[in-house]
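Presented below is the structure to which this report refers.
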Amino acid sequence: MNFFKRASLYIVLIVCVVLIMFPIVYAFLISFLSGAELLQGKWWPTDWSFRNYIKAFEKVPLVRYLWNSFVVSFIVMIGQLIVSSLSAYAFVFLRFPGRNILFFTTIMTMLVPWEATVIPNYLTVQSLGWTNNYLGLTIPFFALAFGIFLLRQHFKTIPFELYEAAQVSGVRHFRFFWYVVLPLSKTSLATLGVYSFLTTWNMYLWPLLVTNDERVRTVQIGLKQMQTQEMATEWGVVMAAVIVTILPTLILLFIGQKQLQKGLMQGAIK
Amino acid sequence: MNFRRVSSNISYILYVIPSFLLFSTFVFYPMIRTGYLSMHTTNFQGAPTAYVGFEHFRYLIEDRNFRESMKATFLFVLYTVPSTVLISLFLALLANEKLKGIQLFRTFFSSTLGMSVAASSVIWMFMYNPSIGIVNKLVVALGGQERQWLLDPDTALIAVAVATVWMNIGFAFLILLGGLQNIDVTLYESAKIAGVSKIYQLWRITLPLLSPTLFFIVTVSLIHAFQTFGQIDILTKGGPVNTTTVLVYSIYREAFVNYNFGFASAQAVVLFFIVLVITILQFALVERKVHYQ
């Protein structure tokens with residue numbers, strides 16, 4: 001590639017980055033502006049003080065919301081890892097009657113959009129007394145067909161001879177699963193972990209339905225609430241809360257991007 | 001079957017019991033229940049009170065609100081899906097070039113994947129703010145007319161669609177880039193030796209070999225677009241005059257604002273069938289039309 005071509009490619013790339021990143025950078029700049037400065041039409045902060053951030057934490061229980069989001073995302077992540085890896089193990093290594101039917105039902109779940117089942121699910125969770133409770137926010141998401149397929153894909157690459165050898169030497173299934181299969185699948189487990197954490201952290205409709213109490217409300221619903229209450233006067237504070245909310249997932253994405261890409265492809269295409 | 005075999009079968013089933021129970025409780029039962037509720041009127045607690053058969057569905061066809069909602073939904077899909085795929089494809093082709101520091105550009109391009117619908121919507125809400133938002137400032141600077149983007153029936157849906165395209169680029173980009181990276185580089189080397197032009201390479205090598213991935217991302221984006229909710233709830237609440245009441249927002253409003261669970265369930269059944277048709281089409285077409293390596 002000659003110099004001119006390379007330079008023009010860089011220019012196009014940079015223009016695209018500016019366009020894509022603009023809303024995020026803009027929100028970041030606004031989070032350092034006071035209400036008066038905003039009304040004057042300013043967009044570049046004169047002093048980089050954290051007063052909006054401090055206010056955001058004072059005005060709404062942001063720490064509580066962030067903690068709730070963290071706990072919920074972490075529980076869903078662990079739950080999905082356990083449930084998916086157990087199922088994937090059974091589909092790859094175990095032979096038992098009904099296995100194919102079970103595998104078929106797992107595929108079938110991918111045909112059902114979550115939003116189409118949300119009414120009965122809400123009524124179920126309500127009748128179990130799980131509203132305003134971590135249980136209602138987490139347990140319905142423990143089983144995930146995508147997660148099962150992703151791990152199954154990886155488990156299939158583990159040599160079957162290893163399994164047979166373990167069988168011959170009388171190693172119990174659970175020991176084989178725990179001490180051989182899982183350690184060999186660290187990367188896939190990490191990919192699924194990042195994926196579950198990210199999607200749960202960003203969930204919106206379900207937490208909106210099943211929480212109306214500060215003690216369990218997640219940060220996404222907290223944002224919606226702030227935006228409705230604050231409106232025109234305190235946009236800087238709202239943007240500070242936005243930045244605080246997106247920081248954990250952006251960092252996670254930047255660290256796990258390569259992993260995630262590989263995993264999404266594997267679980268999706270093959 | 002001897003005893004040992006039976007007992008090992010039982011222990012095997014323990015591995016699949018958790019996912020089976022969860023799928024039954026939170027996917028299959030509620031799907032059947034949705035169908036059941038769609039044929040009943042319900043009380044405020046969501047308990048069925050009377051059987052009405054297909055009355056809700058007949059009413060759906062006549063209902064002006066629902067017709068508007070379907071129109072908004074399909075327009076929204078039309079505005080968001082092709083543009084998301086095309087923009088992401090363009091970015092993926094760019095980011096697939098072998099240049100120094102390209103990894104950094106890839107990370108930036110995929111960054112909206114880490115942005116929640118709520119946070120993104122709040123940012124766009126501010127950008128569309130008629131008095132202090134950047135959109136009006138830009139429009140005025142370019143000689144255009146100031147507008148209330150989210151309150152004007154002519155622009156609200158498009159405004160939400162633009163924000164949505166931005167939110168979805170990260171995911172589509174990452175998937176398409178993965179597809180491009182899976183293409184065998186020796187093909188390009190042979191093409192280079194044969195002196196084939198870049199455009200010809202794109203048309204004859206890249207796009208055909210990328211077609212499974214492209215097809216996948218189109219299907220996923222379609223299904224995803226039909227499930228849109230968060231940005232509508234934050235940006236427009238379905239207004240102005242129902243121009244942005246997409247299907248899931250309509251279900252939400254009917255069920256959780258009006259407590260009309262039966263009628264809402266009928267709409268949920270419609271959503272189910274739309275997604276089903278897309279999925280079946282994908283399976284039917286994928287075998288015939290798409291080129292596999």
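In this simple spin-label approximation, A:Phe160 and A:Phe70 carry label points 7 Å from Cα along the Cα→Cβ vector, and these lie 4.6 nm apart.
Note on B:Leu21 and B:Phe74: with the Förster distance fixed at 41 Å, the Cβ-Cβ geometry gives a FRET efficiency of about 0.65. Residue by residue along A:101-114, Cβ atoms of other protein chains within 10 Å of the local Cβ number 5 on average. Peptide packing for A:74-82, B:178-186, A:183-191 was compared via the average number of neighbouring C-beta atoms within 10 Å per residue; ordered from the highest value, the list is A:74-82, A:183-191, B:178-186.
Per the Kirkwood formula applied to alpha carbons, the stretch B:15-148 shows a radius of gyration over Rh ratio, Rg over Rh, of 1.13. Annotation: peptides B:8-21, B:255-268, ranked by per-residue average of other Cβ atoms within 10 Å with the highest first, follow the order B:255-268, B:8-21. A crude spin-label estimate for the pair B:Ala50 and B:Gln181, with each label 7 Å from Cα along the Cβ direction, gives 6.0 nm. How many angstrom lie between the C-alpha centres of the stretch A:196-238 and the stretch A:117-153? That distance is 19 Å. Farthest toward the positive end of the dipole of chain A, out of A:Leu223, A:Trp43, A:Ala165, is the Cα of A:Ala165, where the dipole comes from beta carbon charges about the Cα centre. The charge dipole of the protein assembly as shown, taken about its Cα centre with unit charges on the Cβ atoms of Lys, Arg (+1), Asp and Glu (-1) only, comes to about 1500 debye.
Cα convex hull, the stretch B:104-171: 98 Å³ per residue, rounded to a whole number. Averaged over the residues of peptide B:249-260, the number of Cβ atoms from other protein chains lying within 10 Å of each residue's Cβ is 2. Dipole check for chain B: with +1 at the C-beta of Lys and Arg, -1 at the C-beta of Asp and Glu, and the Cα centre as origin, the magnitude is about 700 Debye. Projected onto planes of every orientation and averaged, the convex hull of the alpha-carbon atoms in the stretch A:72-138 covers 5.7 nm².
Modelled this way, with points 7 Å down the Cα-to-C-beta line, the labels at B:Leu93 and A:Trp44 are 3.6 nm from one another. Solvent-free Debye calculation, one equal scatterer per alpha-carbon of the stretch A:1-143: log10 I(q)/I(0) at 0.19 Å⁻¹ equals -1.14.
A simple packing score, the average count of other Cβ atoms within 10 Å per residue, orders the peptides A:148-158, B:65-75 as A:148-158, B:65-75, with the highest score first.
All distinct Cα pairs of the stretch B:1-78 go into the 1/r average, and the inverse of that average, the Kirkwood radius, is 16.6 Å. Note on the stretch A:61-269: Rg/Rh from Cα positions, Kirkwood definition for Rh, rounded to two decimals, is 1.04.
Based on the Stokes-Einstein relation at 20 °C and a viscosity of 1.002 mPa s, and on the Kirkwood radius from alpha carbon pairs, the stretch A:110-206 is assigned a translational diffusion coefficient of 133 µm²/s.
The mean sequence separation of alpha-carbon pairs under 8 Å and at least six residues apart, normalised by the residue count of the stretch A:61-269, gives a relative contact order of 37 percent.
Computed from point charges on the beta carbon alone (+1 for Lys and Arg, -1 for Asp and Glu), the dipole magnitude for chain A about its Cα centre is near 780 Debye.
Checking the cross-link pairs A:Lys186/B:Lys98; A:Lys42/B:Lys237; A:Lys59/A:Lys258 against a 31 Å limit on the alpha carbon distance flags A:Lys59/A:Lys258 as lying beyond it.
Per-residue mean of foreign Cβ neighbours for B:162-170 is 1 (Cβ atoms of other chains, 10 Å radius). Straight-distance candidates among the aspartates and glutamates for linking to A:Lys5, with alpha-carbon spacing under 20 Å and chain neighbours fewer than 8 residues away dropped: B:Glu97, B:Glu189. Alpha carbon centre of the stretch B:19-62 versus the stretch B:79-118: separation in Å? With the stretch B:19-62 and the stretch B:79-118 each reduced to a Cα centre, they are spaced 40 Å.
Between A:Leu247 and B:Glu189, what is the FRET efficiency for a Förster distance of 30 Å, r being their Cβ-Cβ separation, to the nearest 0.05? Efficiency, from the Cβ-Cβ distance: 0.10. Here r is the Cβ-Cβ distance between A:Ile54 and A:Lys186 and R0 is 41 Å; the resulting FRET efficiency, rounded to 0.05, is 0.55. Positive end of the dipole of the stretch B:49-118 (Cβ unit charges, origin at the Cα centre): among B:Gly53, B:Thr84, B:Asn96, the Cα lying farthest that way belongs to B:Asn96. Could you identify which residue out of B:Glu55, B:Glu254, B:Glu97 has the top mean-square fluctuation in a GNM of chain B using Cα springs shorter than 10 Å? Taking springs between Cα atoms under 10 Å, the residue moving most is B:Glu97. Over the residues of the protein assembly as shown, the helix contribution to mean residue ellipticity at 222 nm works out to -22500 deg cm²/dmol, using -39500 (n - 2.57) for each DSSP H run of at least 4.
In the calculated pair-distance distribution of the protein assembly as shown, the portion above 35 angstrom amounts to 42 percent of the Cα-Cα pairs.
Ranking A:Val76, B:Tyr29, A:Ala116 by Cα position along the charge dipole of the protein assembly as shown, where only Lys, Arg, Asp and Glu carry charges on their C-beta atoms, puts A:Val76 farthest toward the positive end. In summary, the convex hull built on the alpha carbon positions of chain B has an orientation-averaged projected area of 24.3 nm².
Any read-out appearing in this document is the output of simple, stated calculations on the displayed coordinates, not a laboratory observation. This is a predicted model, so every value here is computed, not measured. Backbone-built Cβ (ideal geometry, glycine too); neighbour counts: all protein chains shown.
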